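**Student:** Take this structure first; my questions come after.
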Amino acid sequence: MGAPRQQITLESLPDYARHVLAVAESRAASYPLTSQIKLPRLELTAHLGPGALADAIGNAFVPVRADEAEAGACGVFITHAGIEGIPAPATWGNQLYIPHAFATRLAEAGLRGSYFHDLDFWQFYDPERHVGAQLMMSADGFPPWEPGAPLRAFLHWEYAARGMRLTHAGTLGLNGKGILLAGSGGAGKSGTVVAGLLNGLDSVGDDYVLIDLNDGVTAYPLFATLKQDPRGFARLGLKQRLKSYDPLNWQGKHQFRVDDIAARPIPASLDIAALMVPHISGNLESSIVPVSRKDAMIALAPSGISQMPGERESGFRFFSQLTSLLPCYRLSLGTQPAEIAATVSDFLARGDA
Amino acid sequence: MMQQSGIYAVASKDIVFESFDGEAVVLDLATGKYFGFSDSGSRIWEALSSGVPASELIDAATAVGTVGAGEIDSFIGQLLEFGLLVPASGAPALLSSELLTQLAQAREPLKVDLHDDLADLIVVDPIHDVEEPLGWPAVKQAT
């Protein structure tokens, strides 16, 4: 038995965060791999060891093709207690863990962070220095969803500090113009993205896309991953289309990439012309009818805010601004993927979209 | 008898709100609960949260005939119960003629809808579970 592990409270949290960042950074020479990822307006350098996370970081992203002059940089140290000089992660004490209080306490100290109890998995970020640390008990001591969208929390914090936002929404586009699909799971968002991709439309991603509101609403790709449950996978004909596919992920879903099924390379960005709230109608034909901005906001914001640690108020303001900038519609989904795609395609081709 | 006649204020800095084409959406940052207001409800929320006394609001609203005093009274009760407003002291604010005109033009009954399907994700810990339709681990209340 080793020494009892430190128990963290709200009071000691900022000091612990600074300690983890300092220790992870001080061992910079001991990480075998350095992975540089070129993302929209950002070059992220991850320092880590080999394994599933390194593989995921190598595969999950949509790399930026062109050099961007205004790109910033950030660095993340992915570390664990198996590395010499790295202490075992502390554990949360007896205090009730309230995520909003946790995030607020760190924000007051100029920091960001998240914690996953079951594994004593900590992530901390200093947005001023653009440096992050992920501390785990062992090399594979990460939650099962982490490889699907690796470094997601760090990107969320860094982009939020730049006034941009990781947004939980699907995208479809044509000739550079696109729509955002908002809504929690089960609304038909992912199925719509796959239906569009299989029928000639573009997408800059499902689940998490990067949104910038500086000049209209622009969506950028970050993660290339798409997911479908086995039923959707079969219904959309992916079983035949994808020659080989990995075992089901932690959610029991098939995981594949946008470029596995897209007709064209993933576009560098889409100019978003509308916010759509999909729902499975049961009707044969799809339809697009206006919906109030209030309803669209309530479809868009909750999952995007709750799935990301911290930055809740800034998220609420950001998604409010996004919703106010766009016409909003309800997309009632028909039963045929090709017909759904044609409906979206016709909408995008129209002058008023 | 009217239960609510005083001045109110937004309950805390965790209550944030925005208006969309005249319809308010309120988020309680601490609990993750969203509240969507009807058009008349949005006007009443706007007036009360800016310090217009309930008694003045009730007089003005009933005079333009949009909503009744009893409806406003129970609506205020609901806002207090949801933790969006608290009784306050201080100088009363005036009801603007613009807001009164908007209230007169409101078409929907006084209503606030609570959307808390994702609230569990935000507020509680520490037992994590996977709720597949959400596509992300939902957090369940510890027992």
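**Student:** Give me, ordered by chain and number, the residues 5 or more places off A:ILE8 or on other chains with an amide H under 5 Å from its own placed amide H.
**Tutor:** A:THR91, A:TRP92, A:GLY93
**Student:** Return the sequence-ordered ³J(HN,Hα) values of the stretch A:201-214 in whole Hz as given by the Karplus equation 6.51 cos²θ - 1.76 cosθ + 1.60 applied to θ = phi - 60°, using x for Gly and Pro.
**Tutor:** Computed from phi, the couplings for the stretch A:201-214 are 8, 9, 8, 9, x, 10, 6, 10, 10, 9, 10, 10, 10, 5 Hz.
**Student:** Got the relative contact order for the stretch A:268-324 handy, in percent, Cα pairs under 8 Å and 6 or more residues apart?
**Tutor:** Computed over the stretch A:268-324, the figure is 34 percent.
**Student:** Modelling each spin label as a point 7 Å along the Cα-to-Cβ direction, I'd like the A:GLU285/A:ASP15 distance in nm, to one decimal.
**Tutor:** 6.9 nm
**Student:** Continuing with the same structure: Please give the per residue accessible area of the stretch A:78-207, computed with a probe of 1.4 Å over protein heavy atoms only, in Å².
**Tutor:** Accessible area per residue, the stretch A:78-207: 29 Å².
**Student:** ³J(HN,Hα) across the stretch A:332-347 via Karplus (A = 6.51, B = -1.76, C = 1.60, θ = phi - 60°), whole Hz, x for Gly/Pro?
**Tutor:** 3J(HN,Hα) across the stretch A:332-347, in whole Hz: 7, 8, x, 9, 9, x, 5, 5, 4, 4, 5, 5, 5, 4, 4, 4.
**Student:** With the contact rule set at Cα under 8 Å and sequence spacing of 6 or more, what percent relative contact order holds for the stretch A:167-218?
**Tutor:** On the way: 70 pairs, mean separation 22.9, N = 52.
44 percent.
**Student:** So how exposed is A:ASP202, as accessible area in Å² (1.4 Å probe, rounded to 10)?
**Tutor:** In the full protein context, A:ASP202 sits at about 20 Å².
**Student:** Right, something else. Rounded to the nearest 500 deg cm²/dmol, what is the calculated helix-only ellipticity per residue at 222 nm for the protein assembly as shown, with -39500 (n - 2.57) per DSSP H run of length n ≥ 4?
**Tutor:** -9000 deg cm²/dmol
**Student:** Taking 60 Å as R0, compute the FRET efficiency from the Cβ-Cβ separation of A:ARG231 and B:ASP59 and round it to 0.05. Walk me through the numbers on the way to the answer.
**Tutor:** Numbers: r = 58 Å, r/R0 = 0.97.
FRET efficiency, A:ARG231 to B:ASP59: 0.55.
**Student:** Output the pairs from B:LYS33/B:LYS111; A:LYS177/A:LYS294; A:LYS38/B:LYS33 with a Cα-Cα distance over 27 Å in this structure; if there are none, say none. It would help to have the intermediate numbers written out before the result.
**Tutor:** Details: B:LYS33/B:LYS111 16 Å; A:LYS177/A:LYS294 24 Å; A:LYS38/B:LYS33 36 Å.
Over 27 Å Cα-Cα: A:LYS38/B:LYS33.
**Student:** Need one number: % antiparallel among DSSP beta bridges in the protein assembly as shown, to the nearest 5.
**Tutor:** 70 percent
**Student:** Rounded if a/c is under 1.5, else prolate if a/b beats b/c, else oblate: with a ≥ b ≥ c from the C-alpha gyration tensor eigenvalues square-rooted, which is the stretch A:232-353?
**Tutor:** It is oblate, given that a/c is not under 1.5 and a/b is not larger than b/c.
**Student:** Right, another one. Based on the alpha carbon coordinates of chain A, what radius of gyration and maximum Cα-Cα distance (Dmax) apply, in Å?
**Tutor:** 20.7, 69
**Student:** Still on this structure, please answer the following. If the cut-off is 18 Å between C-alpha atoms, which lysines fall inside it for A:LYS253, apart from same-chain ones fewer than 8 positions away?
**Tutor:** Answer for A:LYS253, where 18 Å is the Cα cut-off: A:LYS189, A:LYS227, A:LYS239, A:LYS243, listed by chain and number.
**Student:** If you don't mind, another one. With a cap of 13 neighbouring Cβ atoms within 10 Å, and only residues DSSP puts in a loop, list the trypsin sites (Lys or Arg not before Pro) found in the stretch A:291-353.
**Tutor:** Qualifying residues, ordered by number: A:ARG350.
**Student:** Evaluate E = 1/(1 + (r/R0)^6) for A:ALA71 and A:ALA109, where r is the Cβ-Cβ distance and R0 equals 25 Å; express this FRET efficiency to the nearest 0.05.
**Tutor:** Between A:ALA71 and A:ALA109 the formula returns 0.35.
**Student:** Just to verify a number: what accessible area does A:GLU11 come out at with the full protein assembly present, 1.4 Å probe, Å² rounded to tens?
**Tutor:** Its accessible surface works out to 120 Å², give or take rounding.
**Student:** Let me ask another. So, in Å, what gap is there between the alpha-carbon centers of the stretch A:69-97 and the stretch A:297-339?
**Tutor:** Between the Cα centre of the stretch A:69-97 and that of the stretch A:297-339, the gap is 30 Å.
**Student:** Further, regarding this structure: Counting only residues 5 or more places away or on other chains, whose amide H sits under 5 Å from the amide H of A:ALA139 once H atoms are built in the peptide plane?
**Tutor:** Residues meeting the amide H criterion: A:GLY82.
**Student:** Work out from phi, with θ = phi - 60° and the Karplus expression 6.51 cos²θ - 1.76 cosθ + 1.60, the ³J(HN,Hα) of each residue of the stretch A:279-291, listed in order in whole Hz, and give x for Gly and Pro.
**Tutor:** With the stated coefficients, the stretch A:279-291 comes to 8, 7, 8, x, 6, 5, 9, 7, 8, 10, 10, x, 10 Hz.
**Student:** Hey, another quick one. With every protein chain in place, what's the accessible area of A:LYS38 (1.4 Å probe, Å², nearest 10)?
**Tutor:** My reading of the accessible area for A:LYS38 is about 80 Å².
**Student:** Could you sort A:THR34, A:THR218 by their accessible area in this structure, using a 1.4 Å probe and putting the largest first?
**Tutor:** A:THR34, A:THR218
**Student:** Now, a different point. GNM, chain A, Cα, under 10 Å: largest mean-square fluctuation among A:ALA71, A:ALA161, A:ALA169?
**Tutor:** Result for chain A, Cα springs under 10 Å: A:ALA71 fluctuates most.
**Student:** Cα centroids of the stretch B:43-93 and the stretch A:178-254: how far apart, whole angstrom?
**Tutor:** 45 Å
**Student:** Then there's this: Order these peptides, A:120-127, A:259-266, A:139-146, by their mean beta-carbon neighbour count within 10 angstrom, highest first.
**Tutor:** A:120-127, A:139-146, A:259-266
**Student:** Let me ask another. Is the shape of the stretch A:100-180 rounded, prolate or oblate, going by the alpha carbon gyration tensor and its root eigenvalues a ≥ b ≥ c, with a/c under 1.5 for rounded and a/b larger than b/c for prolate?
**Tutor:** Because a/c hits 1.5 or more and a/b fails to exceed b/c, the stretch A:100-180 counts as oblate.
**Student:** Determine the relative contact order of chain A: mean sequence separation of Cα pairs under 8 Å and six or more apart, normalised by residue count, in whole percent.
**Tutor:** Averaging sequence separation for qualifying contacts and normalising by length gives 16 percent for chain A.
**Student:** Which of the three applies to the stretch A:76-132, rounded, prolate or oblate, going by the alpha-carbon gyration tensor with a ≥ b ≥ c and a/c under 1.5 meaning rounded?
**Tutor:** oblate
The values are calculated or read from the model by the stated rules, or taken from the named source; none is laboratory data. Because the structure is a prediction, the values reported are computed rather than measured. Quick reminder, even Gly has a Cβ in these numbers, built from the backbone with ideal geometry, and neighbours come from all protein chains shown. Ligands, DNA and RNA are stripped out before the accessible areas are found, and what is left, the full protein with its side chains, is counted by its heavy atoms. Shrake-Rupley method; radii C 1.70, N 1.55, O 1.52, S 1.80 Å.
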